[in-house]
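The values are calculated or read from the model by the stated rules, or taken from the named source; none is laboratory data. Please read these numbers as outputs of a predicted model, since none were measured by experiment. When we count neighbours, we look across all protein chains shown, and the Cβ atoms used for this are built from the backbone with ideal geometry, even at glycine. Heavy atoms of the whole protein, side chains included, go into the accessibility calculation; ligands, DNA and RNA do not. Shrake-Rupley method; radii C 1.70, N 1.55, O 1.52, S 1.80 Å.
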Amino acid sequence: MFKKQQNWDRNLPKISIITVTYNRLKDLSETFSNVISQTYQNLEYIVIDGGSEDGTADFLRENSANISYWISEKDAGIYDAMNKGALAATGDWVIFMNSGDKFFAEDTLTKVAEYLDNSVDVVYGGVESVFNDRYGYRTYQRKPYDLSIIWREIPACHQSIFVRRELQVQYPFDTLLNWCADHDFIAKVYVAGYRFQEIPIVISRFDASGGVSRDLLNFTKERWSLCRRYFGKSFEQDLYFLNEYKNFWLQKTIISKMRNLLPSQWLVALRKYRGIY
């Protein structure tokens, strides 16, 4: 059962935690355990499964006492599933904590809730990224990016962003995007004039090891496109994305192949020397 918070203020906002998953039962169980360990009481937990065939539905059925709503059916991808979760939510605020993602601490929601009031629409904080790959195990905490560069960087990962539910429903994720629908959403509501607040709290902890599998060239293309869509054309911005695209192309076609030829211990030593995580 959910952990009990002493002296619970029932006037605090209701938070909807949404997890989308597909054939990731082990990761889902870890996220589930993390969510139900939260000391904050005024919350609901929603799980949207894309029709997994690894026992996920049985797991959800067995733990339904701690899940406010769940469904297991085919969807059109991660952002379609996240839109389904937002539509099912009944809280004042929503946050997406997908399979494998975790809140940083058991009292994270208790701390964040103090900032969730009528004066803001989007609240965001820091993240701790966990890497466990050929370079070893390491963690890295990052504060949010400044909103002045929202044209190229989402201020925080979606695991560290709380959004008013009605706003999330009004502006659903663009399911035509593969990598950056969360950034697209944030940019859209930012230019629409909604109120943002950064808070001094590390909100989430997630495994970033899989980032190397991202199609970095399409990642750049999608961000470049949304930049032009919401912030117009700019020589400085176009130059930035051209340079990023060039660097990612070199990394994909040449550097990564050269790196694979080197012993792992050499690469680890070089990354430590350069301060790369």
Original post:
Of all the Cα-Cα pairs you can form in the stretch 45-87, what percent are over 12 Å apart?
Top reply: 56 percent
Subject >> FRET E, pair Val120, Gln265, Förster distance 35 Å, beta-carbon r, rounded to 0.05 >> reply: 0.15
**OP:** Check each of the GluC sites (Glu not before Pro) in the stretch 17-67 and keep only those in coil by DSSP with at most 15 other C-beta atoms within 10 angstrom; list them in order.
**Re:** Glu53
**OP:** Compute the accessible area per residue over the stretch 121-180, keeping the other protein chains in place, probe 1.4 Å, unit Å².
**Re:** 45 Å²
Original post:
With N residues in the stretch 3-94, what two-decimal value do you get for its Cα radius of gyration over 2.2 N^0.38 Å?
Top reply: 1.09
Original post:
Could you work out Rg/(2.2 N^0.38 Å) for the stretch 130-232, with Rg from alpha carbons only?
Top reply: 1.14
Original post:
From the cross-link list Lys143/Lys221; Lys26/Lys102; Lys102/Lys221; Lys84/Lys221, which pairs have alpha carbons spaced over 18 Å apart?
Top reply: Lys143/Lys221; Lys102/Lys221; Lys84/Lys221
Original post:
Picking from Leu43, Leu60, Leu217, which is most flexible by a Gaussian network model of the chain using Cα springs under 10 Å?
Top reply: Leu217
Original post:
According to the Cα gyration tensor, what semi-axes, each the square root of 5 times an eigenvalue, does the equivalent ellipsoid of the stretch 69-111 have, listed from largest to smallest in whole Å?
Top reply: 23, 13, 9
Original post:
So who's got an amide H within less than 5 Å of the one on Val202, skipping anything under 5 residues away but keeping other chains? H placed 1.01 Å off N, in plane.
Top reply: Gly126
**OP:** Write out the trypsin sites (Lys or Arg not before Pro) in the stretch 87-174 meeting two conditions: DSSP loop, and at most 14 other Cβ atoms within 10 Å of their Cβ.
**Re:** Arg134
Original post:
Taking the chain as a Gaussian network, where each spring joins two C-alpha atoms under 10 Å apart, which residue of Ile71, Ile36, Ile149 fluctuates the most?
Top reply: Ile149
Original post:
On average over all directions, what projected area in square nanometres does the stretch 26-180 have, based on the convex hull of its Cα atoms?
Top reply: 10.6 nm²
Subject >> Stretch gain in nm, segment Ser33-Phe235, where the contour uses 0.36 nm per residue and the Cα spacing is subtracted >> reply: 68.0 nm
Subject >> Within the stretch 8-55, trypsin sites (Lys or Arg not before Pro) in DSSP loop having at most 13 other beta-carbon neighbours inside 10 Å >> reply: Arg10
Original post:
Which value in Å is the Kirkwood Rh of the chain over different Cα pairs?
Top reply: 20.0 Å
Subject >> Rounded to the nearest 10 Å², the accessible area of His158 at probe 1.4 Å >> reply: 30 Å²
